[in-house]
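Structure first, then comments.
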Amino acid sequence: MKKYLAPAVALAATLAAGSSSAIEGPAAALQNRTIAYVLSSEYYALYQTKDAKAECPTGFNDGPREQFKMLFPDDGTKRTVVDTQLAREAEVWFPTLKPEAFPFKEAQSKIAPGANLDGKVGPNDFTSPTGEPGIDNQLYRAIGCIYNYRDGGELWIITTKWRQQHNFNRTIIELTDVDSLVNDDDVTVTTYRGLDKLMAGATGAEFLPGGSQRVDTRWGKEFIYKFHGKIVNGELITEQGELVLPEMAAFEDPSVLPYRSAMFKLKLTPEKAEGVIAGYFDIEGWYRQLNQGWATHHQSYGQESAPSLYRALYRLADAFPDKTGKNTAISGALDVKFTQVFVQHPPQETSEAPAKKLIQVAH
C-alpha cells in the first residue's frame, strides 16, 4: 500500500518543508506530460429555475404512488395483490410503449446544458446557459419535470453520495501527451476504473487534489476507453466515441451506464476538472441501470414512474435508429466534477485498452 501513497506523501513532505513550488502552476500535477482526475460528483445536466415555472409550468410528474391511487382507488372494490401491486411492479421491469392514462410533463425550457453532438442546430435543440446553440439534450425533456432528478430529489442527493462512498463507482480520466493545460491541439484521454477511496478534506464535503488511485486493468477492462481531444482556452474537448461508466446508485447494486458517441467538455485546472460528459444514452441500457440501482419505493420518493419515463425516452429518442427506423438512443449529459489524482498503473499491465472505433451518429 505504501507505494500507492508515494505521490501524495511526497507532496505532503514538500509542503511540510515549506516549499511552494510543488503546488504552484500546472507543473504541480502535470508530470511527464500526463495528468489525471477522479470523478467525485455526477448529476444529470438540467436547467433549473428556482420555482420551476419556466421549465415545468404545470408542475412535476406523478410518481408510482400517485398513479397507483388513480388506478386502484379506495372505493370498496375488491382487488388481488396479483392484479394491483404485482401488476404495477411487472410494468416497471417489462414496460411497453402502449399509451397510458397518465399525462407526462416534459421540460419546456429552451435552455439546457450539454453539447452539440450532431454538429447541427435544429428546431428541437437547446441553447446552453452560456449561449451556445445546437445543444442536444433530449433526456432533459424527459426527466426535467421529475422531482427525483432535480435539486433536493432522492436520486439527485443519493447518487453522488454513493458514488463518493463506494469504490465500484471510481472513474478516472488520464490525459497524456499534454504540453499545456491552457492550449494543446493533440491530447489523449483514457478512462479507467479506480480502486481507492477519494481523499476528503476535513469536513468531508470537498475532495482534495494530490491523492492516489490504483488503476483496475483486470476487473475494470470494460471501462477502459480512449478519446482523442484538444484543450482550447483551458477547456478539454474530445472527439466522440463509445463509453461505459460504472454506476452504483444505492445499496451496492452495481450496474453500468452505456454511452454512444460520448464526448468530454471539461474546464481544466491543475487541481480539478469540471463540465459535462455528453452523448447518446442507449435507452434499454439506461433504463436497466435505473431499475437495478433504484427500487420502486425509492423512485416513489422522487415521484418517478419508470414505465411512464420509458415511454417518454422512446418518444424523445433522437439517434441510432434500428432496422425499423425507431431511434434507440437519446441525447443527454452529465454535469460532472473531477479532482486531480496521481495514477498508479500495475507494474505490468494485465490488459491493453483497445482503440475504440468512433461511432457515427445516425439521424
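The values are calculated or read from the model by the stated rules, or taken from the named source; none is laboratory data. As the structure is a prediction and not an experimental result, all values here were calculated from the model. All Cβ positions, even for glycine, are placed from backbone atoms using ideal geometry, and neighbour counts span all protein chains on display.
Observations on the model:
- Among the residues here, Y314 qualifies as more than 30 Å from V182 (Cα to Cα), outside any strand (DSSP E or B), more than 19 Å from the chain's Cα centre (by Cα) and of a type in the set (F, W, Y).
- If you go through segment 145-155 and keep only what is under 14 Å from D335 (Cα atoms) and either among the β-branched types (V, I, T) or assigned to a loop (DSSP other than H, G, I, E, B) (or both), you end up with R150, D151.
The rows are residues; the columns are (1) of a type in the set (D, E, K, R); (2) within 18 Å of E91 (Cβ to Cβ); (3) assigned to a strand (DSSP E or B).
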| position | (1), (2), (3) |
| --- | --- |
| I237 | no, no, yes |
| E242 | yes, no, yes |
| V256 | no, no, yes |
| R260 | yes, no, yes |
| E284 | yes, yes, no |
| Q292 | no, yes, no |
| T324 | no, no, no |
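- If the condition is being small (G, A, S) and at pLDDT 75 or above, then segment 159-206 contributes S180, G194, A200, G201, A202.
- Per-region count, segment 86-133, residues assigned to a helix (DSSP H, G or I) and in contact (Cβ under 8 Å) with a residue 12 or more places away in the chain: 5
- Residue within segment 83-95 that is exposed (fewer than 15 other Cβ atoms within 10 Å of the Cβ) and of a type in the set (K, R) present: no
- Only a single criterion out of (1) surrounded by 11 or more Cβ atoms within 10 Å (Cβ to Cβ); (2) small (G, A, S); (3) modelled with pLDDT under 95 is not satisfied by S21, namely (1).
- In segment 290-305, the residues that are under 19 Å from the mean Cα position of the chain (by Cα) and buried (at least 21 other Cβ atoms within 10 Å of the Cβ): L290, G293, W294, Q299, G302, E304
- Residue match in segment 219-228 (condition: modelled with pLDDT of 95 or more and surrounded by fewer than 19 Cβ atoms within 10 Å (Cβ to Cβ)): yes
- Within segment 195-222, tally of residues that are among the charged types (D, E, K, R), in contact (Cβ under 8 Å) with a residue 24 or more places away in the chain and part of a loop (DSSP other than H, G, I, E, B): 4
- Among (1) surrounded by fewer than 20 Cβ atoms within 10 Å (Cβ to Cβ); (2) modelled with pLDDT of 95 or more; (3) under 16 Å from the mean Cα position of the chain (by Cα), the one test that W156 misses: (2)
- Of V215, V232, all but one fail to be among the hydrophobic types (A, V, I, L, M, F, W, C) and surrounded by fewer than 15 Cβ atoms within 10 Å (Cβ to Cβ); the exception is V232.
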